[in-house]
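Undergrad: Just dropping this structure here.
The values are calculated or read from the model by the stated rules, or taken from the named source; none is laboratory data. For clarity, every value in this text was computed on a predicted model and none was experimentally measured. As a convention, Cβ positions derive from the backbone with ideal geometry for all residues, glycine included, and neighbour counts pool all protein chains shown. With ligands, DNA and RNA removed, areas are computed over all heavy atoms of the protein, side chains included. Shrake-Rupley method; radii C 1.70, N 1.55, O 1.52, S 1.80 Å.
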Amino acid sequence: MTEAQRLSPQEHYARRAKLIASASMIIRDPLGRVLLVHTTYGARLWELPGGGLEPGEYPAPAAQREVAEELGLDIESGRLLAADLVPYTPPIDDAAPGLLSNWLFDGGILEPSAAATIRLDPAEVDEARFCDQAEYHARLPAHMARRVDACLNAVAGGQTAYLQHGFPPAASS
């Protein structure tokens, strides 16, 4: 009898790696710069507009909800640009180590008149700004900057990127 056969279903699934999901949007201005937000919680980092999925929520509606909450913008999630898996270890939660799955959707180009309507939720973000490649590489953790690069390449090339810690799988080993 294998170890898995000796475990109850609850014990078996409690030992399995967990997958925690978030969804974000790549929103650009007419100059091609990417919108970043500075969070007011946790480590207070620069990030893409977006956040964690609620129980039973799918990624595309989650990205749209998060953008509405953080920025007061009603932007429909466009096509999937990238899925990026990043390993985590506790203390994110009490579970075994797992993966954070990041779903990134095209938020399109935000014209200046629409950008002027941004209303920040101070409980979530205290600043939003459009950043060119050098700026977002300076503000974001390296794996997130690589993720944005991949998303912009996906916009230009019409494909979807599959990433592991911001790298295509062949480059992540």
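Undergrad: Given a 1.4 angstrom probe, I'd like the percentage of the accessible area of the chain that is carbon and sulfur, rounded to a whole number.
TA: 57 percent
Undergrad: Sticking with this structure for a sec: Taking 0.36 nm per intervening residue step and subtracting the Cα-Cα distance, what contour gain separates residue 138 from residue 76 on full extension?
TA: 19.5 nm
Undergrad: I'd like the orientation of helix 59-71 relative to the chain: the angle between its Cα long axis and the longest Cα principal axis, in ° from 0 to 90, rounded to 10.
TA: 50 degrees
Undergrad: Something else: If you work out volume of the Cα convex hull per residue in Å³ from the coordinates, which of (1) 118; (2) 137; (3) 171 do you get?
TA: (2)
Undergrad: Tell me, what HN-Hα J-couplings in whole Hz come from the Karplus equation 6.51 cos²θ - 1.76 cosθ + 1.60 at θ = phi - 60° for each residue of region 154-168, using x for Gly and Pro?
TA: The phi angles translate into 5, 4, 5, x, x, 10, 10, 9, 10, 10, 10, 6, x, 10, x Hz.
Undergrad: Between residue 129 and residue 69, with labels modelled 7 Å along Cα→Cβ, what's the label distance in nm to one decimal, could you check?
TA: Going by the 7 Å Cα→Cβ label model, 2.5 nm.
Undergrad: Could I ask something else about it? Return the percentage of antiparallel bridges among DSSP beta bridges fully within region 51-173, rounded to the nearest 5 %.
TA: Among the beta bridges of region 51-173, antiparallel pairing accounts for roughly 70 percent.
Undergrad: Still on this structure: At a Förster distance of 22 Å, what's the computed FRET efficiency of residue 38 paired with residue 114, Cβ-Cβ distance as r, to 0.05?
TA: 0.65
Undergrad: Amide H to amide H, which residues 5 or more places from residue 125 or on other chains are under 5 Å from it, using H placed in the peptide plane?
TA: 40
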